[in-house]
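Report on the structure given below.
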Amino acid sequence: MKRFFNMKPSLFYVSFIFIITSSIASAAEDAVKDATGKKVLNNVPYHIGPVTTAKGGGFKLTDTMNNKKICPFDVVQDPSASNLGDKFTFTLINEKRPPYLLTTHNLGIDSGSLKGPCEKSTFWTIPDAEAKAPDNLITTGGRFEEDITCFQLVEYPKPTNPKVHSYMLQHCPYYCGGAPNICFNVSIYVDKGVRRLASRGTHPFEFVFHKVSK
């Protein structure tokens, strides 16, 4: 398995789009924590959703868009604030695979599987981060440790609630053998009334981890 060096980038504004360069020196890694302050386990399912319920519920997979069946599936936000959404597994791309998730480290996100005839993978995928919608929207269908499925977690720079650990997601194809040499902050994109995630937007999506109830 390839091992990729992880660098903690700094934020700057470019035409109101947040883009992260990969030329900043490495910084100390931090353990990711859930909404209760506990460390988030590596390769273990969690819910993710906005910091406040005023911004909707958690994220989930869907096999239907615009009244049509789709394969692979898309990742969308549940409009109900009371719904935590589906379970997603964040797995570090690392030979040793530590027990906890770490910020600024490459990882893959697996959505699990929905029942149905679709046999595509459920790893979060951005087909073309530099393109416009729908090619820069998060869907599924890629393979683990592939450039189109390469993400990182970064602490949100100006959290809505300083008492809660919140994060933003970056898509970093370069760190997994792709191009260009930048990371894209994942933002909310409204597609025909459906809230989705995209590699480009006016503001990064701030979210928290919720432990899955047994």
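The values are calculated or read from the model by the stated rules, or taken from the named source; none is laboratory data. Note that the structure is a prediction, hence the values are computed from the model and not measured. Because the Cβ atoms are built from the backbone with ideal geometry, glycine has one as well, and the counts that use them run over all protein chains shown.
Determine if segment 41-56 includes at least one residue that is modelled with pLDDT under 95, closer than 23 Å to Cys172 by Cβ and among the basic types (Lys, Arg). Checked against the condition, which is being modelled with pLDDT under 95, closer than 23 Å to Cys172 by Cβ and among the basic types (Lys, Arg), segment 41-56 yields no hits at all. The one condition from (1) in a loop (DSSP other than H, G, I, E, B); (2) modelled with pLDDT of 90 or more; (3) farther than 22 Å from Val164 by Cβ that Thr62 does not meet is (1).
Condition (residue is at pLDDT 90 or above, surrounded by fewer than 17 Cβ atoms within 10 Å (Cβ to Cβ), not in a loop (DSSP other than H, G, I, E, B) and not acidic (Asp, Glu)) applied to segment 77-90: is it met by at least one residue? Taking every residue of segment 77-90 in turn, none turns out to be at pLDDT 90 or above, surrounded by fewer than 17 Cβ atoms within 10 Å (Cβ to Cβ), not in a loop (DSSP other than H, G, I, E, B) and not acidic (Asp, Glu). If you scan segment 163-198, which residues turn out to be touching an Asp or Glu at 6+ places or on another chain (Cβ under 8 Å) and among the hydroxyl-bearing types (Ser, Thr, Tyr)? Scanning segment 163-198 gives Ser166, Tyr167, Tyr174. Evaluated against (1) touching a residue at least 40 places away in the same chain (Cβ under 8 Å); (2) part of a strand (DSSP E or B), Met168 falls short on exactly one condition, (1).
When Thr104 is tested against (1) in contact with a Ser or Thr (Cβ under 9 Å, 6 or more places away or on another chain); (2) outside any loop (DSSP other than H, G, I, E, B); (3) among the hydroxyl-bearing types (Ser, Thr, Tyr), only condition (2) is not met. Would you please name the residue that is surrounded by the fewest Cβ atoms within 10 Å (Cβ to Cβ), looking only at residues in segment 96-126 that are under 18 Å from Cys71 (Cα atoms) and at pLDDT 95 or above? Looking at residues that are under 18 Å from Cys71 (Cα atoms) and at pLDDT 95 or above, I get Asp110. With respect to the conditions (1) at pLDDT below 95; (2) in contact with a strand residue (DSSP E or B) (Cβ under 8 Å, 6 or more places away or on another chain), Ile24 lacks only one, and its number is (2). Residue pairs whose Cβ atoms lie under 8 Å apart, separated by 6 or more positions or on different chains, with the first residue in segment 193-209 and free of Cβ contacts under 8 Å to residues at least 24 places away in the same chain and surrounded by fewer than 22 Cβ atoms within 10 Å (Cβ to Cβ) and the second acidic (Asp, Glu) and not in a strand (DSSP E or B), do not occur.
The listed residues are Ile188, Ile138, and the only one of them that is out of contact with any helix residue (DSSP H, G or I) (no Cβ under 8 Å at 6 or more places or on another chain), hydrophobic (A, V, I, L, M, F, W, C) and closer than 15 Å to Gly108 by Cβ turns out to be Ile138.
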